[in-house]
Each structure stands twice: as C-alpha cells, then as structure tokens.
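What follows is a single structure, written as structure tokens, with notes after it.
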Amino acid sequence: MARLLGDDFLNGCSLDFEESAISDVDGLELLADPDDVGEPLVSASEDSGSPRAMLRVSSTGRDLKIANRCRVAGLDVAEVEGWMRRGTAVLAPRGGVQHHTAGASEGDHPSLGICVNGRAGLPGPLCNTFESRSLKCIIVASGRANHAGTGGWKGASGNHTMYGLETEHTGRERMPLPMIQVAARIQAAMIFGTAEARMVCQHWEWDLPANGGEGDKIDVATNLHPGREPSNDDFRDMVRKELQLLVGVEVSKIVYPTPNRRANGDWIRKAVKVRTVNVDNWLENHQGILQRRGPGSGVEIKPSFV
C-alpha cells in the first residue's frame, strides 16, 4: 500500500509531516512519515551566513534535503520509499537537466516505475525528481541518477554533475504551461544553494555535439526550443524567478518535547524539530503541544534558514 501526502498538506507550507490518505501507486510506496523525510533543512551555527552557502550536497555524495527544499518552494511533494538510499553516492551537482518521459498518454504517472527501477540496459534511478500529470513533485533519488547520458552543458559533463527531472509527458505535443511552470519550480528547488538558473538545460541542449549540429534527443516536448513559446531560454528565466522567491522565504524552527518510552519502560522527553514558514498556522494545528506541562514542556521558536 502507498501513503500519499494529502491535498491540504502544504497549507501554509508547513514542514511538519502528517500522514493522510492511502492508495496504491504502481506498487511503489510514497512516504510522508517523520522518520523518512531526511536531514534538517540546514545544520549550521547562527552566524553561518547566507542560505545558499549552507545547502550544499553533503560529503556523502547524496542530497538528502531535496524534499524539504521542494516543500519550502510550495510544491505538492511525495517521496518514493528508499529515495534517500537510491542512486550512486557520487552526486556533485552543478545544474539540472529537464526531461520528458515519452510514456503512455493516459494516467497520472505511468512512467514512475521505470524512472525508479530503470529498464533493460539502463538501471534505475533515471531521475532525482519526477513531475506527475497532476503536478505532484515525487522525490525519487538522492544520489546520481542515470538520466542525461553523453553530453554536457557549460562545462558540466556526466550524470553526477546534474540533477535530473522527468516530467510525465508523451513528448509528441506541446507541454502545458502549468506543467512547465511547476517543472521550473522543481528545478529551482533542486539547484537552490548549488547553481544558477543558467546551469539548467533541456535534454536536447545537453545532447548537442560539441562540434555543432543536432543531437538525438528532443526533450522537452515540442516547445521549450528556440523560437517557440515558452522557449528553452524562457524556461531558464522561469527558474531564475523561482530562485529569487526561494531566497526570500523566511523559515522558523520549532523545537518541542514529546514523550518517548524507552525499552525498559521509562518515559523520557525526546526533542522534536520542525520547520515552517507559517508559525501561527502550525501552532493553531498543534494545540495539544501548547497544553503540556512539566519540565522541558515549552515550545521554542527561533529563526532558521530555507
């Protein structure tokens, strides 16, 4: 069974995690549990400088903060089980590549299983993030994904240098503008703190031969090419605007204790940390925490970073 994030999950862009409806999704489990959401958004002292400087991929070669950045960006996010361990741990991103799945014309995400598990001759994962037809952002892998192949963009080459986003689209017609806008937001969330918008390219741009001419790739869609609306350059402008919005997001860290039973039966207080862009909304929906009494029962609210 799969656990999906509810439609109201992003009310106020809160980053506390609540389990909601249950349904099957191609045999893959999409998680919204507190134990499965990765590291905190940042780990830094209060005088560590700008958010950009603190969102680098960890030295393990994995980006365990993709889901949190996507939520802060206001995206409807779900996570495929095991995404934090999926992909080779050599990711050193310098930008992002945009793809379409060229999958079936019906269904919300018919290509998700292939993007997670791969296909004959090409092992998964085939992307880091996946955009469904319902505009949900699905987190697939924290490490290197096999998505771009041979090619390069502005000095970057190799799958380990680029995030990969697959958008569910046949590639045989224009991609709808809302889908393109969400793709730009996902790309911005992935590269935030790591790269600039100019380092985001379409797959056909990555595939262009170094000596000129045309490559074999056409994605994305029949637009997102020069002279079409929106063009590939228009897409980078969209990413640039989304990055500017992310820089302006103010996040607060809320720390509160919750009872936790030890193996010997004793009760201890365990600190729980969440981040939200709307403190009032979070507190309104967690009244029980404010009613607790006793040592260490207070709620601490302090500034944080995206």
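Tabulated data for the structure shown
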| read-out | value |
| --- | --- |
| For peptides 186-193, 118-125, 78-85, sequence by mean Cβ density within 10 Å, most packed first | 186-193, 78-85, 118-125 |
| Calculated FRET efficiency for the pair THR60/SER157, C-beta based, R₀ 22 Å, to 0.05 | 0.50 |
| Potential lengthening between ASP216 and ARG133 on full extension [0.36 nm per residue; Cα-Cα distance subtracted] | 27.4 nm |
| Residues of segment 152-168 with amide N under 16 Å of the 7 Å Cα→Cβ point at ARG228 | 167-168 |
| Point-to-point label distance, LEU177-GLN244, nm (Cα→Cβ direction, 7 Å offset) | 1.8 |
| Between segment 177-234 and segment 105-156, the Cα center-to-center distance that results, in Å | 15 |
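Only the coordinates and a few stated rules stand behind these numbers; no lab work does. Since this is a predicted model, take the numbers as computed values, not measurements. Heads up, the Cβs are rebuilt from the backbone with ideal geometry, glycines too, and the neighbour counts pull from every protein chain shown.
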